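Enquirer: What follows is a single structure, and I will ask about it in a moment.
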Amino acid sequence: MKHEHPPESGVKPAVDTGAKDAGPPKSQAPVKAGRAVILFSVAAVGVAATGIFDRRHDEERLARWTNKQAIPTVALVSVRRGGDAREVVLPGDVEAFYNGSIHGQASGYVREWRKDIGAKVSKGEILAVVDTPELDERIAAAESELLKAKANQALAHVTAQRWNSLRSSAAVSQQAADEKESDANAKNAEVEAAQANVDRLKALKAFANIVAPFDGVVTARNVDIGSLVKADSNDGAALFTVADIHQMRVYVRAPESYAAALKDGMKATLALPEYPNRTFDATIATTSHAIDKKSRALLVELIADNKDGALSPGAFARVHFQIPPDPGSITLPADALLFRSDAVEVATLGLDNRITLKKVRIARDLGSEVEIIGDLGLEERVVANPPDSIDDGEEVRLADASGRRPIAPAEQQGARLEGDRAKSADNLAETERGRGE
(Lines give C-alpha, C1' and ligand atoms only; values in the text may rest on other atoms or scores of the structure.)
Protein backbone atom coordinates (compact mmCIF):
# COMPACT_ATOMS: atom_id res chain seq x y z
CA MET A 1 0.00 0.00 0.00
CA LYS A 2 1.51 3.28 -1.20
CA HIS A 3 1.90 6.19 1.17
CA GLU A 4 0.61 9.56 -0.07
CA HIS A 5 3.23 11.42 1.95
CA PRO A 6 6.89 10.60 2.54
CA PRO A 7 7.87 9.43 5.88
CA GLU A 8 8.61 12.10 8.45
CA SER A 9 12.19 12.79 9.40
CA GLY A 10 14.00 14.96 11.78
CA VAL A 11 14.13 17.81 9.30
CA LYS A 12 10.97 19.44 8.34
CA PRO A 13 10.50 20.06 4.71
CA ALA A 14 10.91 23.57 3.55
CA VAL A 15 7.75 25.39 2.97
CA ASP A 16 7.56 27.24 -0.37
CA THR A 17 6.61 30.72 0.59
CA GLY A 18 7.14 32.17 -2.92
CA ALA A 19 10.36 34.08 -1.85
CA LYS A 20 13.86 33.76 -3.35
CA ASP A 21 16.68 31.67 -1.90
CA ALA A 22 18.29 33.49 1.00
CA GLY A 23 21.84 32.37 -0.02
CA PRO A 24 24.48 30.08 1.34
CA PRO A 25 24.72 29.35 4.90
CA LYS A 26 26.40 31.86 7.16
CA SER A 27 29.29 29.51 7.88
CA GLN A 28 30.55 29.67 4.21
CA ALA A 29 30.57 33.55 3.83
CA PRO A 30 34.00 34.24 5.44
CA VAL A 31 35.69 31.69 3.17
CA LYS A 32 34.34 33.25 0.05
CA ALA A 33 35.29 36.75 1.23
CA GLY A 34 38.89 35.65 1.87
CA ARG A 35 39.13 34.15 -1.55
CA ALA A 36 37.92 37.39 -3.10
CA VAL A 37 40.50 39.41 -1.16
CA ILE A 38 43.26 37.09 -2.27
CA LEU A 39 42.20 37.27 -5.89
CA PHE A 40 41.97 41.06 -5.75
CA SER A 41 45.44 41.31 -4.17
CA VAL A 42 46.94 39.05 -6.84
CA ALA A 43 45.29 41.15 -9.55
CA ALA A 44 46.56 44.36 -7.95
CA VAL A 45 50.10 42.99 -7.72
CA GLY A 46 49.91 41.92 -11.35
CA VAL A 47 48.68 45.31 -12.47
CA ALA A 48 51.36 47.04 -10.42
CA ALA A 49 54.08 44.76 -11.80
CA THR A 50 52.82 45.29 -15.31
CA GLY A 51 52.76 49.07 -14.78
CA ILE A 52 56.26 49.08 -13.35
CA PHE A 53 57.53 46.95 -16.21
CA ASP A 54 55.80 49.15 -18.80
CA ARG A 55 57.08 52.30 -17.09
CA ARG A 56 60.63 50.96 -17.09
CA HIS A 57 60.27 49.96 -20.72
CA ASP A 58 58.98 53.44 -21.59
CA GLU A 59 61.83 55.05 -19.69
CA GLU A 60 64.36 52.95 -21.56
CA ARG A 61 62.67 53.79 -24.84
CA LEU A 62 62.68 57.48 -23.92
CA ALA A 63 66.39 57.27 -23.03
CA ARG A 64 67.17 55.63 -26.37
CA TRP A 65 65.12 58.26 -28.20
CA THR A 66 66.88 61.04 -26.29
CA ASN A 67 70.31 59.67 -27.12
CA LYS A 68 69.28 59.27 -30.72
CA GLN A 69 68.03 62.83 -30.90
CA ALA A 70 71.31 64.09 -29.38
CA ILE A 71 73.20 62.87 -32.46
CA PRO A 72 73.41 65.82 -34.92
CA THR A 73 71.91 65.47 -38.37
CA VAL A 74 74.04 66.66 -41.28
CA ALA A 75 73.68 67.08 -45.03
CA LEU A 76 76.26 66.74 -47.77
CA VAL A 77 77.47 69.19 -50.42
CA SER A 78 78.50 68.59 -54.00
CA VAL A 79 82.22 68.71 -54.70
CA ARG A 80 83.69 69.20 -58.16
CA ARG A 81 87.19 69.31 -59.58
CA GLY A 82 88.55 72.64 -60.81
CA GLY A 83 85.51 74.83 -61.39
CA ASP A 84 84.30 77.33 -63.91
CA ALA A 85 86.36 80.04 -65.56
CA ARG A 86 86.08 83.24 -63.57
CA GLU A 87 85.91 86.74 -64.98
CA VAL A 88 88.19 89.31 -63.41
CA VAL A 89 87.69 92.98 -64.24
CA LEU A 90 90.63 95.35 -63.71
CA PRO A 91 91.15 99.01 -64.62
CA GLY A 92 93.44 99.78 -67.55
CA ASP A 93 95.04 102.77 -69.28
CA VAL A 94 94.88 103.01 -73.05
CA GLU A 95 98.01 104.42 -74.69
CA ALA A 96 99.13 104.88 -78.29
CA PHE A 97 101.34 102.25 -79.85
CA TYR A 98 103.97 104.99 -80.39
CA ASN A 99 103.77 108.40 -78.77
CA GLY A 100 106.33 111.04 -79.86
CA SER A 101 106.90 114.32 -78.03
CA ILE A 102 108.73 116.65 -80.43
CA HIS A 103 111.02 119.33 -78.98
CA GLY A 104 113.05 121.96 -80.83
CA GLN A 105 116.72 121.31 -81.59
CA ALA A 106 117.40 124.62 -83.38
CA SER A 107 116.92 127.90 -81.50
CA GLY A 108 114.77 130.49 -83.21
CA TYR A 109 111.20 131.69 -83.72
CA VAL A 110 108.29 129.83 -85.26
CA ARG A 111 107.65 131.22 -88.70
CA GLU A 112 104.66 128.98 -89.52
CA TRP A 113 102.91 125.84 -88.37
CA ARG A 114 101.22 123.57 -90.88
CA LYS A 115 99.47 120.86 -88.88
CA ASP A 116 96.94 121.24 -86.11
CA ILE A 117 95.60 118.72 -83.58
CA GLY A 118 93.76 115.79 -85.09
CA ALA A 119 95.65 116.02 -88.37
CA LYS A 120 96.83 112.74 -89.85
CA VAL A 121 100.50 112.99 -90.85
CA SER A 122 103.04 110.79 -92.55
CA LYS A 123 106.61 110.17 -91.53
CA GLY A 124 108.85 113.18 -92.45
CA GLU A 125 105.94 115.54 -93.11
CA ILE A 126 106.63 119.13 -91.97
CA LEU A 127 104.61 120.28 -88.99
CA ALA A 128 106.14 123.73 -88.48
CA VAL A 129 109.07 125.89 -89.68
CA VAL A 130 111.44 127.76 -87.35
CA ASP A 131 113.49 130.84 -88.34
CA THR A 132 117.09 130.50 -87.07
CA PRO A 133 119.02 133.76 -87.79
CA GLU A 134 121.74 133.01 -85.25
CA LEU A 135 122.32 129.58 -86.70
CA ASP A 136 122.44 131.01 -90.21
CA GLU A 137 125.25 133.36 -89.16
CA ARG A 138 127.17 130.53 -87.58
CA ILE A 139 126.85 128.52 -90.78
CA ALA A 140 128.14 131.46 -92.83
CA ALA A 141 131.14 131.89 -90.50
CA ALA A 142 131.91 128.20 -90.64
CA GLU A 143 131.83 128.21 -94.43
CA SER A 144 134.30 131.13 -94.44
CA GLU A 145 136.60 129.25 -92.13
CA LEU A 146 136.36 126.29 -94.50
CA LEU A 147 137.42 128.44 -97.48
CA LYS A 148 140.35 129.81 -95.51
CA ALA A 149 141.45 126.34 -94.48
CA LYS A 150 141.29 125.15 -98.07
CA ALA A 151 143.45 128.10 -99.23
CA ASN A 152 146.07 127.37 -96.58
CA GLN A 153 145.93 123.72 -97.59
CA ALA A 154 146.67 124.54 -101.24
CA LEU A 155 149.64 126.79 -100.33
CA ALA A 156 151.08 124.17 -97.99
CA HIS A 157 150.88 121.50 -100.67
CA VAL A 158 152.69 123.72 -103.24
CA THR A 159 155.42 124.59 -100.72
CA ALA A 160 155.95 120.97 -99.76
CA GLN A 161 156.30 119.94 -103.40
CA ARG A 162 158.92 122.65 -104.06
CA TRP A 163 160.98 121.75 -101.04
CA ASN A 164 160.87 118.09 -101.96
CA SER A 165 162.23 118.92 -105.46
CA LEU A 166 165.13 120.98 -103.97
CA ARG A 167 166.11 118.26 -101.57
CA SER A 168 167.75 116.20 -104.35
CA SER A 169 170.10 119.12 -105.22
CA ALA A 170 171.14 119.59 -101.60
CA ALA A 171 169.81 123.18 -101.68
CA VAL A 172 167.65 122.49 -98.63
CA SER A 173 168.12 120.14 -95.75
CA GLN A 174 166.11 116.98 -95.22
CA GLN A 175 164.74 118.45 -91.99
CA ALA A 176 163.29 121.48 -93.74
CA ALA A 177 161.66 119.36 -96.42
CA ASP A 178 160.02 117.13 -93.80
CA GLU A 179 158.67 120.18 -91.96
CA LYS A 180 156.97 121.47 -95.10
CA GLU A 181 155.47 118.06 -95.73
CA SER A 182 154.07 117.92 -92.18
CA ASP A 183 152.66 121.44 -92.51
CA ALA A 184 150.77 120.35 -95.62
CA ASN A 185 149.28 117.40 -93.72
CA ALA A 186 148.20 119.73 -90.89
CA LYS A 187 146.45 121.98 -93.35
CA ASN A 188 144.58 118.95 -94.65
CA ALA A 189 143.32 118.25 -91.11
CA GLU A 190 142.20 121.85 -90.68
CA VAL A 191 140.18 121.61 -93.86
CA GLU A 192 138.49 118.41 -92.63
CA ALA A 193 137.69 120.03 -89.29
CA ALA A 194 136.20 123.11 -90.93
CA GLN A 195 134.16 120.92 -93.26
CA ALA A 196 132.85 118.89 -90.33
CA ASN A 197 131.80 122.07 -88.52
CA VAL A 198 129.91 123.26 -91.57
CA ASP A 199 128.21 119.88 -91.94
CA ARG A 200 127.20 119.90 -88.27
CA LEU A 201 125.65 123.34 -88.49
CA LYS A 202 123.81 122.45 -91.67
CA ALA A 203 122.46 119.32 -90.05
CA LEU A 204 121.29 121.44 -87.15
CA LYS A 205 119.67 123.79 -89.63
CA ALA A 206 117.61 120.85 -90.90
CA PHE A 207 115.86 120.77 -87.51
CA ALA A 208 114.41 124.17 -88.28
CA ASN A 209 111.73 122.12 -90.03
CA ILE A 210 109.69 120.29 -87.37
CA VAL A 211 108.68 116.97 -88.98
CA ALA A 212 106.60 113.96 -87.95
CA PRO A 213 108.74 111.05 -86.71
CA PHE A 214 106.23 108.40 -87.91
CA ASP A 215 102.79 107.98 -89.37
CA GLY A 216 100.15 109.03 -86.93
CA VAL A 217 97.88 111.74 -85.64
CA VAL A 218 98.83 115.10 -84.12
CA THR A 219 97.45 114.98 -80.59
CA ALA A 220 98.97 118.22 -79.24
CA ARG A 221 100.27 121.54 -80.64
CA ASN A 222 101.89 123.87 -78.15
CA VAL A 223 103.39 126.51 -80.51
CA ASP A 224 102.10 129.44 -82.49
CA ILE A 225 103.63 131.90 -84.96
CA GLY A 226 106.40 133.87 -83.24
CA SER A 227 106.89 131.39 -80.39
CA LEU A 228 110.46 131.18 -79.14
CA VAL A 229 112.09 127.79 -79.55
CA LYS A 230 115.13 126.96 -77.43
CA ALA A 231 117.47 124.21 -78.49
CA ASP A 232 118.59 121.51 -76.07
CA SER A 233 115.78 122.29 -73.64
CA ASN A 234 113.35 119.53 -72.63
CA ASP A 235 112.02 121.25 -69.54
CA GLY A 236 109.11 122.91 -71.29
CA ALA A 237 106.19 121.44 -73.13
CA ALA A 238 106.78 119.65 -76.40
CA LEU A 239 106.14 121.60 -79.58
CA PHE A 240 104.02 118.83 -81.02
CA THR A 241 102.85 115.39 -79.90
CA VAL A 242 102.25 112.73 -82.53
CA ALA A 243 100.65 109.37 -81.74
CA ASP A 244 100.58 106.19 -83.79
CA ILE A 245 97.11 104.77 -83.11
CA HIS A 246 96.84 101.96 -85.65
CA GLN A 247 97.21 99.73 -82.58
CA MET A 248 96.85 100.62 -78.91
CA ARG A 249 98.75 99.52 -75.86
CA VAL A 250 96.68 98.89 -72.73
CA TYR A 251 98.47 98.82 -69.38
CA VAL A 252 96.90 97.00 -66.43
CA ARG A 253 98.28 96.67 -62.92
CA ALA A 254 97.06 93.27 -61.80
CA PRO A 255 97.14 92.22 -58.12
CA GLU A 256 99.80 89.72 -57.17
CA SER A 257 97.20 86.99 -56.62
CA TYR A 258 96.49 86.97 -60.38
CA ALA A 259 100.11 87.20 -61.52
CA ALA A 260 100.49 83.48 -62.15
CA ALA A 261 97.23 83.26 -64.13
CA LEU A 262 97.96 86.07 -66.61
CA LYS A 263 100.00 84.59 -69.43
CA ASP A 264 101.31 85.97 -72.72
CA GLY A 265 98.76 85.50 -75.49
CA MET A 266 95.73 85.42 -73.18
CA LYS A 267 92.65 87.09 -74.64
CA ALA A 268 90.76 89.92 -72.95
CA THR A 269 88.00 92.38 -73.77
CA LEU A 270 87.91 96.13 -73.23
CA ALA A 271 84.87 98.12 -72.14
CA LEU A 272 85.04 101.92 -72.40
CA PRO A 273 82.59 104.42 -70.90
CA GLU A 274 82.15 106.21 -74.24
CA TYR A 275 81.06 102.96 -75.93
CA PRO A 276 78.51 101.35 -73.57
CA ASN A 277 77.27 98.89 -76.21
CA ARG A 278 80.61 97.87 -77.66
CA THR A 279 83.62 95.86 -76.58
CA PHE A 280 87.13 95.63 -78.03
CA ASP A 281 89.35 92.58 -78.25
CA ALA A 282 92.83 92.68 -76.78
CA THR A 283 95.68 90.24 -76.28
CA ILE A 284 98.35 90.15 -73.58
CA ALA A 285 101.62 91.00 -75.32
CA THR A 286 103.91 90.79 -72.31
CA THR A 287 104.21 91.45 -68.61
CA SER A 288 106.90 93.10 -66.55
CA HIS A 289 107.66 89.74 -64.90
CA ALA A 290 108.20 91.65 -61.67
CA ILE A 291 105.96 92.64 -58.76
CA ASP A 292 106.06 96.29 -57.82
CA LYS A 293 107.19 96.66 -54.21
CA LYS A 294 104.86 99.54 -53.43
CA SER A 295 101.62 98.37 -55.03
CA ARG A 296 102.34 94.59 -55.05
CA ALA A 297 100.97 94.53 -58.58
CA LEU A 298 102.13 93.08 -61.91
CA LEU A 299 102.27 95.43 -64.89
CA VAL A 300 100.53 93.78 -67.86
CA GLU A 301 100.69 95.13 -71.43
CA LEU A 302 97.94 94.28 -73.92
CA ILE A 303 97.66 95.09 -77.63
CA ALA A 304 94.36 96.05 -79.23
CA ASP A 305 93.73 96.77 -82.93
CA ASN A 306 92.37 100.23 -83.67
CA LYS A 307 91.67 100.22 -87.39
CA ASP A 308 88.67 102.52 -87.10
CA GLY A 309 90.38 104.86 -84.64
CA ALA A 310 87.71 104.39 -81.96
CA LEU A 311 90.27 103.97 -79.19
CA SER A 312 91.94 107.15 -78.00
CA PRO A 313 95.22 107.56 -76.13
CA GLY A 314 94.75 108.27 -72.46
CA ALA A 315 91.33 106.60 -72.26
CA PHE A 316 90.19 104.56 -69.27
CA ALA A 317 89.10 100.99 -69.91
CA ARG A 318 87.72 98.14 -67.88
CA VAL A 319 89.67 95.06 -68.90
CA HIS A 320 87.82 91.74 -68.59
CA PHE A 321 90.02 88.68 -68.12
CA GLN A 322 88.75 85.09 -68.16
CA ILE A 323 90.83 83.34 -65.50
CA PRO A 324 90.91 79.58 -66.19
CA PRO A 325 90.20 77.24 -63.25
CA ASP A 326 93.01 75.42 -61.50
CA PRO A 327 92.73 71.73 -62.49
CA GLY A 328 94.33 70.71 -59.20
CA SER A 329 91.83 72.52 -56.99
CA ILE A 330 88.41 71.49 -55.71
CA THR A 331 85.39 73.79 -55.66
CA LEU A 332 82.82 73.61 -52.87
CA PRO A 333 80.43 76.00 -51.07
CA ALA A 334 82.02 78.49 -48.73
CA ASP A 335 79.77 77.48 -45.81
CA ALA A 336 81.38 74.03 -45.79
CA LEU A 337 84.59 75.48 -44.30
CA LEU A 338 85.49 75.42 -40.63
CA PHE A 339 87.75 78.30 -39.57
CA ARG A 340 89.78 77.06 -36.63
CA SER A 341 92.54 78.91 -34.84
CA ASP A 342 95.33 76.96 -36.49
CA ALA A 343 93.94 76.15 -39.94
CA VAL A 344 90.95 75.97 -42.26
CA GLU A 345 89.24 72.57 -42.21
CA VAL A 346 86.38 70.70 -43.83
CA ALA A 347 84.32 67.97 -42.18
CA THR A 348 84.05 64.73 -44.16
CA LEU A 349 81.66 61.86 -43.40
CA GLY A 350 82.95 58.31 -43.37
CA LEU A 351 81.05 55.13 -44.13
CA ASP A 352 80.59 54.59 -40.37
CA ASN A 353 78.84 57.98 -40.12
CA ARG A 354 81.70 59.49 -38.16
CA ILE A 355 83.34 62.83 -38.84
CA THR A 356 86.90 63.22 -40.12
CA LEU A 357 88.33 66.74 -40.17
CA LYS A 358 90.81 67.57 -42.95
CA LYS A 359 92.95 70.67 -43.28
CA VAL A 360 92.75 72.60 -46.56
CA ARG A 361 94.01 75.87 -48.01
CA ILE A 362 91.89 78.43 -49.86
CA ALA A 363 93.27 78.95 -53.37
CA ARG A 364 90.63 81.41 -54.63
CA ASP A 365 87.66 82.98 -52.90
CA LEU A 366 84.74 83.14 -55.34
CA GLY A 367 82.22 84.54 -52.86
CA SER A 368 79.58 81.85 -52.32
CA GLU A 369 82.11 79.22 -53.43
CA VAL A 370 85.81 78.67 -52.80
CA GLU A 371 88.54 76.75 -54.55
CA ILE A 372 90.61 74.81 -52.06
CA ILE A 373 93.82 72.84 -52.20
CA GLY A 374 94.56 70.00 -49.80
CA ASP A 375 94.21 66.30 -49.08
CA LEU A 376 90.65 66.11 -50.33
CA GLY A 377 89.37 63.93 -53.16
CA LEU A 378 86.22 63.99 -55.24
CA GLU A 379 85.03 60.79 -53.57
CA GLU A 380 84.92 62.47 -50.15
CA ARG A 381 81.54 63.21 -48.59
CA VAL A 382 81.81 66.80 -47.36
CA VAL A 383 79.40 68.03 -44.67
CA ALA A 384 77.39 71.14 -45.49
CA ASN A 385 77.45 73.99 -42.95
CA PRO A 386 79.00 71.94 -40.10
CA PRO A 387 78.52 73.34 -36.56
CA ASP A 388 81.54 74.91 -34.91
CA SER A 389 81.35 72.35 -32.10
CA ILE A 390 81.80 69.37 -34.42
CA ASP A 391 84.85 67.30 -33.61
CA ASP A 392 86.95 64.61 -35.22
CA GLY A 393 85.42 61.15 -34.75
CA GLU A 394 81.98 62.45 -33.73
CA GLU A 395 79.01 60.35 -34.77
CA VAL A 396 76.36 62.05 -36.89
CA ARG A 397 73.26 61.15 -38.84
CA LEU A 398 72.86 61.78 -42.55
CA ALA A 399 69.83 63.78 -43.63
CA ASP A 400 67.27 62.32 -46.00
CA ALA A 401 67.79 62.32 -49.76
CA SER A 402 66.02 65.65 -50.19
CA GLY A 403 68.45 67.28 -47.79
CA ARG A 404 65.67 69.44 -46.35
CA ARG A 405 65.71 68.11 -42.80
CA PRO A 406 66.36 71.14 -40.60
CA ILE A 407 69.14 71.26 -38.04
CA ALA A 408 67.92 73.19 -35.02
CA PRO A 409 70.27 75.16 -32.78
CA ALA A 410 71.29 73.67 -29.43
CA GLU A 411 68.75 75.76 -27.46
CA GLN A 412 65.87 74.66 -29.67
CA GLN A 413 67.01 71.05 -29.51
CA GLY A 414 67.05 71.19 -25.68
CA ALA A 415 63.57 72.74 -25.54
CA ARG A 416 62.26 70.14 -27.96
CA LEU A 417 63.72 67.30 -25.87
CA GLU A 418 62.15 68.67 -22.70
CA GLY A 419 58.79 68.95 -24.47
CA ASP A 420 59.11 65.41 -25.76
CA ARG A 421 59.95 64.13 -22.26
CA ALA A 422 56.88 65.90 -20.81
CA LYS A 423 54.73 64.49 -23.59
CA SER A 424 56.04 60.97 -22.90
CA ALA A 425 55.33 61.35 -19.17
CA ASP A 426 51.76 62.45 -19.91
CA ASN A 427 51.27 59.46 -22.16
CA LEU A 428 52.49 57.11 -19.40
CA ALA A 429 50.12 58.71 -16.92
CA GLU A 430 47.19 58.29 -19.29
CA THR A 431 48.16 54.65 -19.79
CA GLU A 432 48.25 54.00 -16.02
CA ARG A 433 44.89 55.66 -15.48
CA GLY A 434 43.37 53.52 -18.23
CA ARG A 435 44.73 50.37 -16.69
CA GLY A 436 43.53 51.32 -13.25
CA GLU A 437 40.02 51.87 -14.50
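The values are calculated or read from the model by the stated rules, or taken from the named source; none is laboratory data. Nothing here was measured: the structure is a model prediction, and the numbers come from that model. Using ideal geometry, Cβ is built from the backbone for each residue, glycine included, and neighbour counts are taken over all protein chains shown. Note: areas computed on protein heavy atoms with side chains; ligands, DNA, RNA excluded. Shrake-Rupley method; radii C 1.70, N 1.55, O 1.52, S 1.80 Å.
Enquirer: Quickly work out the ILE117-to-SER169 label distance, labels modelled 7 Å from Cα along the C-beta direction, and quote it in nm with one decimal.
Expert: 8.2
Enquirer: Okay, moving on. On full extension of the chain, what length is gained from THR283 through GLU395, given 0.36 nm per residue of separation minus the C-alpha to C-alpha distance? Don't skip to the answer; put the middle values down first.
Expert: Numbers: separation 112, 0.36 × 112 = 40.32 nm, distance 5.38 nm.
The THR283-GLU395 span can extend by a further 34.9 nm.
Enquirer: Right, another one. Name the long-range amide H neighbours of GLU95: under 5 Å, sequence gap of 5 or more, or other chain; modelled H, no Pro or chain starts.
Expert: Residues meeting the criterion, in which the H sits 1.01 Å from N, are ARG249, VAL250, TYR251, GLY314.
Enquirer: Okay, moving on. So how far, in whole Å, is the C-alpha centre of the stretch 290-331 from the one of the stretch 81-111?
Expert: If we compute the Cα centre of each part, the gap is 13 Å.
Enquirer: Oh, and also: With every protein chain kept in the model, how would you rank ASP292, ASP244 by accessible area, 1.4 Å probe, largest at the top?
Expert: Numbers: ASP292 70, ASP244 20 Å².
The residues order as ASP292, ASP244, largest area first.
Enquirer: Here is a further query. Return a single number: how many Lys pairs in the stretch 67-199, at a sequence separation of 8 or more or on separate chains, have alpha-carbon atoms below 23 angstrom apart.
Expert: Numbers: LYS115/LYS123; LYS148/LYS180; LYS148/LYS187; LYS150/LYS180; LYS150/LYS187.
Here the count comes out as 5.
Enquirer: Additional query: Quick one: accessible surface of LEU228, probe radius 1.4 Å, all protein chains present, in square angstrom to the nearest 10.
Expert: Roughly 100 Å² of LEU228 is accessible to a 1.4 Å probe.
Enquirer: Also: Indicate the gyration tensor shape class of the stretch 247-288 (rounded, prolate or oblate), computed on the Cα atoms with a ≥ b ≥ c the square roots of the eigenvalues: a/c under 1.5 is rounded; otherwise a/b larger than b/c is prolate and the rest oblate.
Expert: Values: a/c = 2.28, a/b = 1.81, b/c = 1.26.
It comes out prolate by the Cα gyration axes.
Enquirer: With label points built 7 Å along Cα→Cβ from the Cα atoms of ARG354 and TYR251, find their separation and express it in nm.
Expert: 6.1
Enquirer: Here is a follow-up. Run the simple label-point estimate for ASP365 and ASP342 please: 7 Å along Cα→C-beta, distance reported in nm.
Expert: Between ASP365 and ASP342, the label points sit 2.4 nm apart.
Enquirer: If one computes the Cα centroid of the stretch 37-55 and of the stretch 119-134, what distance in Å separates the two points?
Expert: 125
Enquirer: What FRET efficiency do you get for VAL129 and ALA85 if R0 is 35 Å and r is their Cβ-Cβ distance, rounded to the nearest 0.05? Don't skip to the answer; put the middle values down first.
Expert: Working: r = 57 Å, r/R0 = 1.62.
Calculated value: 0.05.
Enquirer: Hey, another quick one. For ALA334 and ALA176, compute 0.36 nm times the residue count separating them, minus their Cα-Cα distance, and round to one decimal in nm.
Expert: Details: separation 158, 0.36 × 158 = 56.88 nm, distance 10.24 nm.
Stretched fully, the ALA334-ALA176 segment lengthens by 46.6 nm.
Enquirer: DSSP loop (so not H, G, I, E, B), at most 10 other Cβ within 10 Å: list which trypsin sites (Lys or Arg not before Pro) in the stretch 285-375 pass both filters. Walk me through the numbers on the way to the answer.
Expert: Values: sites: LYS293, LYS294, ARG296, LYS307, ARG318, ARG340, ARG354, LYS358, LYS359, ARG361, ARG364; in loops: LYS293, LYS294, ARG296, LYS307, ARG340.
Hits after loop and neighbour filter: LYS293, LYS294, LYS307.
Enquirer: Let me ask another. What does the extension gain come out to for GLU143 and LEU155, with contour length at 0.36 nm per residue minus their alpha carbon separation? List each step's numbers first, then the result.
Expert: On the way: separation 12, 0.36 × 12 = 4.32 nm, distance 1.88 nm.
Once the chain is fully extended between GLU143 and LEU155, it gains 2.4 nm.
Enquirer: Whole angstrom only: what separates the Cα centroid of the stretch 207-227 from the Cα centroid of the stretch 258-273?
Expert: One Cα centre to the other: 35 Å.
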